[in-house]
Structure formats: C-alpha cells, structure tokens
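The values are calculated or read from the model by the stated rules, or taken from the named source; none is laboratory data. Small disclaimer: the values here were computed from a predicted structure and weren't measured. Neighbour counts are summed over all protein chains in view; Cβ atoms, including those assigned to glycine, are modelled from backbone coordinates with ideal geometry. We work out accessible area using only protein heavy atoms, side chains counted, and drop any ligands, DNA or RNA first. Shrake-Rupley method; radii C 1.70, N 1.55, O 1.52, S 1.80 Å.
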Amino acid sequence: MKRLSEVEEGKYKIVEILKPGKTKKMFNLGILIGDEIEVKKSCPGPVIIKKGNTSVAIGYGIAKDIIVEKVE
Amino acid sequence: MEEKIIGIAGNPNTGKTTIFNALTGSKQKIGNWPGVTVEKKEGEYIYKDIKFHVVDLPGTYTLLEESEDQKIAIDFLTRNKVDVLVIVADALNLERSLYLLVLLSELHKNIIVDLNMVDLLEKEGIDYDIGHLEKLLKVKFVKTIGNRNIGIDDLKEEIYRNCKEKRDEYLEFNYGAEIEKLIAEIINNLNFSSAYPLRFVALKILEKDEKFIKSISNLIDYEKINQIIFEIEKKCGKSIDRILIEKRYAIIHGIVKECIILKKRGLKFELTEKIDKILTDNLTGPLIFLSIMFLIFCIVFSIGNPIQNLLELTIENFRKFLSYFHLPIWLDSLIKNGIISGVGSVISFLPNIFLYFLFFSILEDTGYIARAAIVSDRLMHKLGLHGKSSIPLILSFGCNVPAILGTRTLEDKKDKILTCLSIPFMSCSARLPIYILFTGIFFIKYQSLIIFSLYLLGLIIGILSMKLFGHIFFKYESSPLIIELPPFRMPYWRNVFIDSWMRTKYFLKKAGTIIFSGSLILWFLSYFPNPSKYGTEFNWIGKIGNLISIPLKTSGFGFWQAGVALIFGIYAKELVVSTFGTLFGTGNLQDVLKGYFTPVSAYSFMIMSLLYMPCIATFWILKKEIGFKWALISFFWSLLIGWISSTLFYQIFIFLKGG
Ligand SMILES: Nc1nc2c(ncn2[C@@H]2O[C@H](COP(=O)(O)OP(=O)(O)O)[C@@H](O)[C@H]2O)c(=O)[nH]1
Ligand SMILES: [Mg+2]
C-alpha cells in the first residue's frame, strides 16, 4: 500500500482516505473509497487519475492522504 | 399566457449551457444572483401556450456545499419554486448525474433527465435502455445532442407535458432494513412541519450536512438523534454518512448496469489522452500554456487594432460632421469634448474586449482551462497560490471584475482573498488602450514585446503582493488542488459567440454608464469657471492636476494633465486615454504627447497606469466579495506600489543614461 502521491502510472484501488474533509472532496467528484482508478500522470505536479470516463487532477496536498493498492 | 419556471441543473461540463442556449436562443440575459455576484443566466422561450423562464444553474455534483457557486445552485434547487428541473446528464458519466437525480427526487422535485451527448455513446460502443431507466428511476428521460440541436424539440415537448401533468410519485430508494428503521426513528423525532419532505430532512441529518442541521437546530432534539446515530455507527464501525453515500452509489451502479446495452467495443478516447499527455507534461505543458497566452495577445492586436482604427476614424468624422450644425458654444463643446471623446474611446476598444472574451470562451469550451490549472498548480503552489487561482488570474487579463467573481470556485477563504488581492495588478483590457497609445508613439517597432513586458510585470507584482500578504496576515499555506478534467472538445461556436457577446454587452452596459458620467464630470471641471480656456490650468481641472502632479515628478511625468488622466483612470482605466484626448484639445494627440513624454517616461507612465489603483468597478466588486477592509488595503497598497515602481524605473534609467 502506498500514497497516491508516490505511485507510478498504472491501475490502483483506493484503500483509504486519511482526512474526512478530503474524503468529502473526492466524493463530491464521484470518487469513493474502494473504487478502482487508473493513474494517468504521477507526481511531481498534480496526479491525474481516471475512474470510468471521469478524469480528475489531484494536487499533492490531497494525493498524499490517499492510500492506494496496486491492482494487477 | 401561462408562465413556468425551468431550472437547468447538473454536474459541471455536461452541456447545461449548451442546452440552455438551444432552448432560449438569443433570448437571454446575464446578470447576478441576488445578494451575491455569481453570474446568473436567464432566458425564455414560448412553446405552445406556455411561456417558459429558464435559469442556467452553476454545476454541482451533490447538495453539499463546497464553494459559493455550488451554494447558489443548491440554494436554488432546495428553496426555489421551480416548475420543472431539467437535469442535464453526461451520457458517459451517467452514474454521477443519477446521484444528483436521487438527491433531488428525495426533495420531491419535478424532474426530467436530459441524457445529453448521446453522440458519444456511439463512439464508446454502448447504449441505454431508456424505458427501463424511466421505470426504475420514475422520471422521464430525453436524449439530446446539445451542440447539434438534436432532441431539443423532444425536450421542449417533455417539459411542456410535465407542466401539464400533476405528479405525485417520486423515486424513493430503499436503503436496507437497518437504515430504513433509523430513518423512520428520526422522522418520529421530527415533530415539526417543514417545507422539505421529512424523509429528506432525516437523510440530511444522517448525512451530517452541518449547514443544513444548523438551519433547523432549534426545531429538533439533536441530542437524542445524535445518540441514535452514535449507536448505529458503533455497530457498523463506519460513519453513517459514508454508509449512505456508498449505498446510493451501489444502487445507482446496479441500475445503470441493468440498463446498459453493450455493443461492440468502440474507440476509446485515445486522442484526448494523447493530447493530455503533452498538455499536462511537466516540461511541454508550461511551454504550451505560455505560447497560447502569447498567441492570444498577438492575435488580438493584429485583428483588434485595424478595427479599432476604423472606428476611431468614424468617430473623428462624426465630430467634424457636427461642426456643420452651429450649436451654441457650450453645447458644441460638451458634445465634442465631453461626450464624443469619452464614449468614443470606449467604443473604439470594444473589439479588443470582445476578442478577449471570445478567446477565453474558446479556452473554456475546449476544456483547456482545467489543463492550465494543472500546469500552473506546481508553480502556483510554490508561490503560495492554489492551482485554481490561475484561472481567475488568466481571466483578469480580460477584465478584473469577472476575474474576481471567478475566485468563487476557490473553496478556501484565504485562497480567495489572496487571489483577489493580486488580480487588480493583472493588466486588464481596459489598460490596453493606454499601452496601445503610448507604444504606438514611442515603441512602434517593439509594440507587442513592450506590451507583453507590462503584462508580465503586473503578473509578477501581483504574485509577490500575494506572497507578502500571505505571510503577513495568514501564515499562509494554500489549499490543495482538486479539479475535474473535461474531455477535449472542439469549441462549439454558438456557445462561444453567445457567451462572449453576452459578456461584452454586459461590460458595455456597465462601463457605458460609468464612462458616460465620467466624461460629463470631466467636461464640467474642464469647462468651468473659465469657458474660453477649456481644459487648461485656468480651470478647476488644472488645479487638481497640478496638486497631483507634485508626487509624480519623481516618476517622470510631473505635469497636470498626467495627474488629471490618472484621476479619471480611477473611474475606469480606459478614461486615461480619452482624458488625454480631451485635455490636449483638438490637435493630433500623438504629436502632442511626443512633446510631453520621452520613451522612458512613457514606459514609466504605463507602469503607473498598470499598477496604481483598481478601477471603481473592481474596487466595488472587491468590497462585495472580500469586504471593505480588504478592498481598502488593495487600494492603498496598489497606490504605493504604483508610485514606487514607476519612480524606481524612471530614476534608474535616468541615472544609467546620465552616467
Ligand atoms: N459531443 C458533444 N458535445 C457536447 C454536447 N453538448 C455539449 N457539448 C460540449 O460540451 C462542452 C461543455 O458544454 P457546456 O454547455 O459549457 O457545459 P456546462 O458546464 O454544463 O454548462 C462544450 O464544449 C459543448 O460544446 C453533445 O451533445 N455532444
Ligand atoms: Mg455552463
């Protein structure tokens, strides 16, 4: 398990979001804990993830609190 | 005629404005939401025997407030009396739109779902069983392709039918026995009559929507309800709001899965992804970003300037034409020196403003603005800014006023205040006539470059100010970026033109009144008390100018005309040029200015005009958005910075030249 800010491009599953405020922000965009996502662009700079047809850019400040797990 | 109100709601970028435009055509106007200053688009159309008023709402995903424009949408959705709500859903992101649908159904709203962008379904190789969706979700679905006007008539018909029929059946999710028991228990504890359905109130409480709970806190026994919630959370080991959200998504996911029809695998959005790779790359991204901005400036000059010259010529001829009428001297002077000079200058640079709005609309419509936020996020963050700030900052190059309004997308108050404080330093298009006038006289060869340098200077000063204020007032750390990237699309010209035209019109109306009254005051001060010596030191205007010019001496333009021009520039920056026009009388302005300025003092004057003060409209909007205190700080700070910068520049150059 790694932080979203540390991972390379590839497929992941969101395991946990560390701060409730940040969970809400992600949820506002339709991304929930347990979702499978694809990382399209990694740090430095905002991480770009894709879930279904939705692409979201996430700045380091939030990405570092999202815990993900690699999906094969 | 019967009248009905239609709200257009939905997630961002689903095509709400496109549908709004398709419904109302050019019968629309922009204004502000009452009390606040977020842009409000309203329009109307007539279908059969009903007149429909349509409101285009800001995009929202949920009914939880995150930013101010979301708050407006939510307020409108929950409080207002709307006859029909059209939820515009992006066919490729159906689940998220349905989430909003579920929330609004719980509110017992009368809803039609506009399944938009169905052209993209084909590409993706999927389709939906609409009949089944309608049955499961208990609302009508209409398929549209907004940017090709397809399905709009069906939508109008469905809206019409919806107005004629009474509805009493609403979608109600079953959240499972345990939660349903909880909901019932809470409803039992709600012994008051509410404008909302009680089930909605109960769900809001379970969702822990703090703002909502606060608004009804004196009506409920929150202690007791909290106790109930606490117990169930202990049992599940999860917070109840999360359970609700997950439950809703799970049900929606199930419904969509049941209604989706898979065809052959279509082409994925490989192109968008490839383009995105380049546009958001850490190296090529910023390069492209800067190039686009620079290109826009160049294009605006090369198209805007010739049109502007033509307009100026027309106005000049009109002035000459008036001489044939032998009006009374004072009236002749009022019209020629006051009205035509002032109003004429606004009209003549209107093409440029329109072009800026046009390009901004194109960037917005194609989806590039979001990429710009990503590209600038890292840099912005280093500067103590939020990535989203770059969007208002770019907008501020068109006009500071809408840019300050644009900061509403910043959720954090500190981010917002700091961005607002830096915006007045960004060189808006009203300052452009000043640059064009002076560079046209003194820097003909390097016109674009010199103007670009001023834009850059404004940007640097703005960012430095923000950093400084951040340190002084907030021990500031900007809040992190999170933003959705809409897929790339070709700009849709109807949207782009309607949008930029409406904004230009709005601007013209606002600037028109300000500038018109400004020109009248200016004329009055120049004409009295000595009518035969119009606009000279012998009249009031000169006396005021003389006073102001004293501190301007160190900046290289210590004569009263400059002082007066700058006073009127506070009124609206575009008045600087027309003031020179009025004050230097009828001769060729360019030749006259050559006698007063050198290239160095001309550049120094441009620095001053860029920085010295937000215009009245900006000041007013700052006060509305971040409060009087901050507006005052902005006012005096920019005055100080403007004077220091132009003086420094002038003195250093004079020193270098002399030495
Ligand atoms: N392919 C396709 N694009 C559309 C359709 N409707 C709107 N668009 C485009 O989607 C983008 C966003 O539309 P807009 O109306 O600004 O969305 P809003 O943010 O919901 O107001 C624009 O570029 C439109 O041209 C559609 O039916 N099909
Ligand atoms: Mg819109």
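One chain, two ends: B:Thr513 and B:Lys382. Fully extended at 0.36 nm per residue, the span grows by 43.1 nm beyond their Cα-Cα distance.
Rounded to a whole number, what is D in µm²/s for the range B:177-262 from Stokes-Einstein with the Kirkwood radius over alpha-carbon pairs (25 °C, 0.890 mPa s)? Numbers along the way, then the final one.
On the way: Rh = 14.1 Å.
Rounded, D is 174 µm²/s.
In order along the range A:2-17, the phi-based Karplus estimate (6.51 cos²θ - 1.76 cosθ + 1.60, θ = phi - 60°) of 3J(HN,Hα) comes to 9, 7, 4, 6, 9, 7, 8, 5, x, 9, 9, 10, 7, 9, 7, 10 Hz; Gly and Pro are listed as x. Distance between the modelled labels on B:Glu2 and B:Asp154, one decimal in nanometres: 2.4 nm (7 Å Cα→Cβ projection). In this rough spin-label picture, where each label sits 7 Å from Cα along the Cβ direction, the B:Lys138-B:Lys27 distance is 3.4 nm. Remark: spin-label model distance B:Ile544-B:Asn218 equals 4.9 nm, labels positioned 7 Å along the Cα→Cβ axis. When Lys and Arg each count +1 and Asp and Glu each count -1, what net charge do the other residues less than 15 Å away from B:Ile335, Cβ to Cβ, add up to? Summing Lys and Arg as +1 and Asp and Glu as -1 gives +1. Values of log10 I(q)/I(0) for the protein assembly as shown across q = 0.05, 0.07, 0.10 Å⁻¹ run -0.30, -0.57, -1.05, by the Debye formula with one identical scatterer at each alpha carbon and no solvent. In sequence order, the range B:372-379 has phi-based couplings of 4, 5, 5, 4, 8, 4, 5, 4 Hz under the Karplus curve 6.51 cos²θ - 1.76 cosθ + 1.60, θ = phi - 60°, and Gly or Pro positions carry x.
Could you do me a favour and compute the accessible area per residue for chain B, 1.4 Å probe, result in Å²? Let's see the in-between values first.
On the way: 28980 Å² over 659 residues.
Accessible area per residue, chain B: 44 Å².
Using C-alpha pairs below 8 Å separated by at least 6 residues, the relative contact order for the range B:93-180 is 33 percent. Considering only C-alpha atoms, what is the centroid distance from the range B:405-451 to the range B:124-190, in Å? When both Cα centres are located, 46 Å separates them. Evaluating kT/(6 pi eta Rh) at 10 °C and 1.306 mPa s, with the Kirkwood radius of chain A over Cα pairs in the Stokes-Einstein relation, gives 137 µm² s⁻¹.
Relative contact order of the range B:459-552, taken over Cα pairs closer than 8 Å and 6 or more residues apart, is 11 percent.
On average, how many beta carbons from a partner chain sit within 10 Å of the beta carbon of a residue in A:56-69? Provide the component values of the computation, followed by the final result.
Details: counts 5, 13, 6, 15, 5, 8, 4, 3, 1, 1, 0, 0, 0, 0.
Per residue, the number of nearby Cβ atoms from other chains is 4 on average.
Solvent exposure of the range A:18-72 amounts to 37 Å² per residue of accessible area, where only protein heavy atoms count and the probe is 1.4 Å.
Enter the buried accessible area of the B/A pair, total of both sides, probe 1.4 Å, in Å² rounded to the nearest 100.
Working: alone 30280 and 4450 Å², together 32060 Å².
For chain B against chain A, roughly 2700 Å² becomes buried.
How many times 2.2 N^0.38 Å is the alpha carbon radius of gyration of chain B? Working shown, then result.
Working: Rg = 28.8 Å, N = 659, 2.2 N^0.38 = 25.9 Å.
For chain B, the normalised Cα radius of gyration comes out at 1.11.
Ranking of B:His381, B:His326, B:His471, B:His132 by solvent-accessible surface, largest first: B:His326, B:His471, B:His381, B:His132 (1.4 Å probe, protein heavy atoms only, all chains present).
Annotation: aspartates and glutamates with alpha-carbon distance below 12 angstrom to A:Lys11 (same-chain offsets under eight excluded): A:Asp35, A:Glu36, A:Glu38, A:Glu69, A:Glu72. The protection proxy used here, the mean number of other Cβ atoms lying within 10 Å of each residue, ranks peptides B:545-553, B:387-395 as follows, highest first: B:387-395, B:545-553. Distance from the Cα centroid of the range B:534-575 to that of the range B:44-97 is 50 Å (rounded to whole angstrom). Using alpha-carbon pairs under 8 Å, 6+ residues apart, how would you state the relative contact order of chain A in percent? It rounds to 46 percent for chain A.
Carbon-plus-sulfur accessible fraction, chain B (probe radius 1.4 Å, protein heavy atoms only): 64%.
Cross-link partners of B:Lys156 among aspartates and glutamates, defined as those whose alpha carbon lies under 19 angstrom from its own and excluding same-chain residues fewer than eight positions apart: B:Glu2, B:Glu3, B:Glu42, B:Glu44, B:Asp49, B:Asp56, B:Asp83, B:Asp90, B:Asp114, B:Glu134, B:Glu165.
For B:Lys40, the residues 5 or more places off, or on other chains, whose built amide H falls under 5 Å of its own are B:Gly31, B:Asn32, B:Trp33. Mind scanning B:Lys41/B:Lys388; B:Lys16/B:Lys388; B:Lys140/B:Lys211; B:Lys274/B:Lys416; B:Lys181/B:Lys234; A:Lys22/B:Lys71 and naming the pairs with a C-alpha gap bigger than 28 Å? With Cα atoms farther than 28 Å apart: B:Lys140/B:Lys211; B:Lys274/B:Lys416. Under a 5 Å amide H cut-off, with hydrogens placed 1.01 Å from N, B:Ile150 pairs with B:Ile145 among residues at least 5 apart or on other chains.
Kindly rank B:160-166, B:612-618 from highest to lowest mean number of other beta carbons found within 10 Å of each residue.
Numbers: B:160-166: 13.1, B:612-618: 22.1.
Descending mean neighbour count gives B:612-618, B:160-166.
Please give every one of the lysines within straight-line cross-link reach of B:Lys445, meaning a C-alpha to C-alpha distance under 20 Å, and leave out same-chain neighbours fewer than 8 residues apart. List returned: B:Lys594.
What is the average number of partner chain Cβ atoms found within 10 Å of a Cβ in A:19-25?
Numbers: counts 0, 4, 1, 2, 4, 7, 5.
The per-residue average across the peptide is 3.
The mean number of partner chain beta-carbon atoms within 10 angstrom of a residue's beta-carbon across peptide B:374-381 is 4.
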